[in-house]
1. Could you sort 221-230, 144-153 so that the peptide with the highest average Cβ count within 10 Å comes first and the rest follow in order?
2. Where is the GNM fluctuation largest for the chain (alpha-carbon springs, 10 angstrom cutoff): Gly62, Gly119, Gly412?
3. Given the protein chains as shown and a 1.4 Å probe, how many square angstrom of Met390 are accessible, to the nearest 10?
4. State the percentage of accessible surface on the chain attributable to carbon and sulfur atoms; use a 1.4 Å probe and exclude ligands, DNA and RNA.
5. Is there a pair in Lys67/Lys396; Lys71/Lys111; Lys111/Lys396; Lys67/Lys414 whose C-alpha atoms are over 23 Å apart, and which pairs would that be?
6. Mind giving me the nanometre distance, one decimal, between the label points for Ala337 and Val251, set 7 Å out from Cα along Cα→Cβ?
7. For Arg47, what accessible surface area do you get with a 1.4 Å probe? Give it in Å², rounded to 10.
8. For Lys301, give me every one of the aspartates and glutamates with a C-alpha distance below 17 angstrom, ignoring sequence neighbours fewer than eight places off in its own chain.
Amino acid sequence: MRSSDILIVDDEIGIRELLSEILQDEGYSVALAENAEVARQLRNQIRPALVLLDIWMPDCDGVTLLKEWAKSGQLNMPVVMMSGHASIDTAVEATRIGAFDFLEKPIALQKLLATVQRGLKYGDMQANTSLSLDKLGKSEPIQELKRQLERVSKVKSPVLLTGEPGSGFELVARFFHQGNTPWVTPAKLEQLADAPLELLQKANNGVLFLPEIGQYPRRIQQGLLFLLSKLDRFNVRLVCSCSRPLQELLVDPECDNRLLTALSSVIVPIPPLREHAEDIIHLAEQLLTELVESKQVPPRKLTTAALNALRQYDWPGNLEQLRSILKSIALTAETDAIDAPEVSKVLAQFKHEKPVEETGFDFNLPLRELREQLERRYFEYHITLENGNMSRVALKVGLERTHLYRKLKQLGIKFSRRTAEEPSSS
């Protein structure tokens, strides 16, 4: 029985159910998303082993979602695009961004299963050839990170890794993993609430890695609190990661401060890539070599000018974004030698389209006031867009309704309780 987690993203319920039934019959575990917003929420909670992503959806097309994941460093799993009426140009664009493959609807059973099998194998290969901590670089920030990890490794307390999205949390977490011992990451977050002892049993004498705990809903947080009290019994090293600022979590009413307190005894910050930019050239060459050797891209080399162009970018998606963009560049390069113009062309797609001055925000305000200003405009926009239907607003912004109402009250935004309780239309 295979336990690989596959995320199916398609707005047509018939297709979602059919694909789910086929894959579950083959022994795969499956998660479903009816639109891009739900897919974002699920991706923030856990990294699936593979994603089947429809191109045409009403709220956001699949190619746009693929770009978002690439930009944020979350495109570190194979994504297979699906469409019944996509052009060749669309398929090529998706592949260039980082999609693993493309399936045309209606999808033949054998073609589906073969593609899924290849995708999962490719994902395993990515994990097996990923950077080891020793290869992260030789700069002083990385040397300090290593020294801190070595100190922390001598105590058995839970470890909280903090940093920006795409910072290579799992890579750093594996520093604590000893050979021939379990390495466990939950296939589904619900396991933390429904079967925490089962998870600990699997991780007995090994490492339990929990990514992005800042995205966990209340029920999952409570399960994690219970699990923390049983770590010693199973001799499990718990390593968590969080890309949300801890100060933000402390004032979030949905975050249980008892959990933050329990996890804050050992905090290891991971430096963003721009703070050790001198390592970018080394990392880029190493990543490209691994992509070529694992046959994910054709043989390619980066020129000195191309490497300098990579170094000058600020990498908001950090290590995972560097890997995704290198793959995209290598797949679309016309010659074996990748030069600066090819790098600049791809990087231009991930830069802000509008200068900051055109956003209409007063950047002279204190950060807290500016954040409130942005949040107020954000929620007012979605309330207007959904004609006051708060069920749909909650779905769009990715919050439970009780949390949404509390947030709107904090921001002084008025809304109608009558429309708040109307069911969302499909």
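The values are calculated or read from the model by the stated rules, or taken from the named source; none is laboratory data. This one's a predicted model, so the numbers in the text were calculated from it and none came from an experiment. All Cβ positions, even for glycine, are placed from backbone atoms using ideal geometry, and neighbour counts span all protein chains on display. The protein model used for the area step is the full one, side chains on, heavy atoms only, and it has no ligands, DNA or RNA in it. Shrake-Rupley method; radii C 1.70, N 1.55, O 1.52, S 1.80 Å.
1. Put in order of decreasing packing, that is 221-230, 144-153.
2. In this elastic network of the chain, the residue with the biggest mean-square fluctuation among Gly62, Gly119, Gly412 is Gly412.
3. Its accessible surface works out to 0 Å², give or take rounding.
4. Carbon-and-sulfur percentage of accessible area, whole number: 51.
5. In this structure, Lys71/Lys111; Lys111/Lys396; Lys67/Lys414 lie more than 23 Å apart at Cα.
6. If labels sit at Ala337 and Val251, their model points lie 5.4 nm apart.
7. The value for Arg47 is about 100 Å².
8. Reachable aspartates and glutamates: Glu285, Glu290, Glu293, Glu334, Asp336, Asp339, Glu342.
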